[in-house]
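No lab work stands behind these numbers, since they all come straight from the coordinates. Every value quoted in this text rests on a predicted model; they were computed, and no experiment measured them. Backbone-built Cβ (ideal geometry, glycine too); neighbour counts: all protein chains shown.
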Amino acid sequence: GESVGLHLPTLSVQEGDNSIINCAYSNSASDYFIWYKQESGKGPQFIIDIRSNMDKRQGQRVTVLLNKTVKHLSLQIAATQPGDSAVYFCAETEGQAGTALIFGKGTTLSVSS
Amino acid sequence: GAVVSQHPSRVICKSGTSVKIECRSLDFQATTMFWYRQFPKQSLMLMATSNEGSKATYEQGVEKDKFLINHASLTLSTLTVTSAHPEDSSFYICSAIPLPRGLAGETQYFGPGTRLLVL
């Protein structure tokens, strides 16, 4: 079946650096995308979302970019902090088909101070 | 707002016993809740979609007779793992979409997860 995947399983950065986490999706019918942060032993925490009619959305210290041409999604974290260390998942869904999410494999972000 | 709780947070049981996990939306109502399973260092895999007042919809490969789902109210869904075996040991996570429903694809709010260990 179709799935969402992340390019790198791990990413290590220094505190204060900007982090970019990438995700490639394969379902061209997906129209809603979400980034989640998951800390060890906890449930996913919503970070930011974007609909397919947009190519960029900004939040506090985070930006999501969507490139529908190449089916690519990225999460940019500015001034990365040790508290940002976690596993990050992208997820997609087809609006018309329901709202069940398909999760990517996850990228583990490690921030060293 | 939009808090989802799960109970218990952790459970250890003997092989062959049944375990019930509760998922509650604390400050909102949800006609639809989802159950996911996550093995160590892996992603979340959708198990089933729980709809209030109707039968759950299970994903391919998920045994409905083994993973019983009951969505009795707009704030509670339960997952019962029947005759649990060691291979059922996993992290079970629920999520819910608040009412009122807007565009499809609204944000799901996740519970903190339940760690199940079957001995």
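Once you charge only the Cβ atoms, +1 for Lys and Arg and -1 for Asp and Glu, what is the size of the charge dipole of chain B about its Cα centre, to the nearest 20 debye? Walk me through the intermediate numbers first.
Working: 11 positive and 9 negative charges, 47 e Å.
The calculated dipole for chain B is roughly 220 debye.
Grab the other residues whose beta carbon is less than 13 angstrom from that of B:His85, score K and R as +1, D and E as -1, and report the net. My count for the surroundings of B:His85 gives -1.
For segment A:34-113, just say rounded, prolate or oblate: build the C-alpha gyration tensor, square-root its eigenvalues into a ≥ b ≥ c, call rounded for a/c under 1.5, and beyond that prolate if a/b exceeds b/c, oblate if not. In terms of gyration-tensor shape, oblate.
Distance between the modelled labels on B:Lys41 and B:Lys64, one decimal in nanometres: 3.6 nm (7 Å Cα→Cβ projection).
Can you give the relative contact order of segment A:25-77 as a percent, counting alpha carbon pairs under 8 Å and 6+ residues apart? Working shown, then result.
Numbers: 82 pairs, mean separation 14.9, N = 53.
Once normalised by length, the contact order is 28 percent.
For segment A:31-113, the relative contact order works out to 29 percent when only alpha carbon pairs closer than 8 Å and six or more residues apart are counted. Here the Kirkwood formula, the inverse mean of 1/r across different C-alpha pairs, assigns chain B a hydrodynamic radius of 14.2 Å. The order of A:Cys90, B:Cys13, A:Cys23, going from fewest to most other C-beta atoms within 10 Å of their C-beta, is B:Cys13, A:Cys23, A:Cys90. Bridgeable aspartates and glutamates around A:Lys56 (alpha carbons under 15 Å apart, same-chain partners fewer than 8 residues away excluded): A:Asp31.
Dividing the mean sequence gap of close Cα pairs (under 8 Å, 6+ apart) by how many residues chain B holds gives a relative contact order of 36 percent. Pairs exceeding a 22 Å alpha-carbon distance, out of A:Lys105/B:Lys64; A:Lys68/A:Lys105; A:Lys42/B:Lys41; A:Lys105/B:Lys14: A:Lys105/B:Lys64; A:Lys105/B:Lys14. Taking the Cα centre of segment A:26-76 as origin and assigning +1 to Lys and Arg Cβ atoms and -1 to Asp and Glu Cβ atoms, the resulting dipole is close to 80 debye.
Lacking any other cysteine beta-carbon closer than 4.7 Å, the following Cys residues of the protein assembly as shown have no compatible partner: B:Cys13.
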